[in-house]
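The values are calculated or read from the model by the stated rules, or taken from the named source; none is laboratory data. What you see is a predicted model; the values in this text were computed from it and never measured. A quick note on method: Cβ atoms are made from the backbone with ideal geometry, for glycine too, and the neighbour counts reach across all protein chains shown.
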Amino acid sequence: MAKTQLERRVATLEQQVAELRSQMPIPAGTTKDIRKLIGVFDGDEVMGDILAEALKFRERDRQKARRRIRGLHFENWLEP
């Protein structure tokens, strides 16, 4: 496909996307504020399971890092 033809197609697509976006209603009071998510998953059993697994993963990763650090000899770092 020729470069000019591709550029025209991209320009057309950009225009169509702009038109579609302008037609989308934005509800009053809508903000991009993460604080609105607080409590959304309260009592959600599946999300609780996901968080529990995530915490287990993080703890395993911490322990792995601690084992690595214990094996280092810091006194060697001070030598020029």
Looking at region 49-80, which of its residues are modelled with pLDDT under 75 and either surrounded by 10 or more Cβ atoms within 10 Å (Cβ to Cβ) or acidic (D, E) (or both)?
-> E75, E79
Going by the structure shown, is F41 of a type in the set (A, V, I, L, M, F, W, C), in contact with a helix residue (DSSP H, G or I) (Cβ under 9 Å, 6 or more places away or on another chain) and either surrounded by 10 or more Cβ atoms within 10 Å (Cβ to Cβ) or assigned to a helix (DSSP H, G or I) (or both)?
-> yes
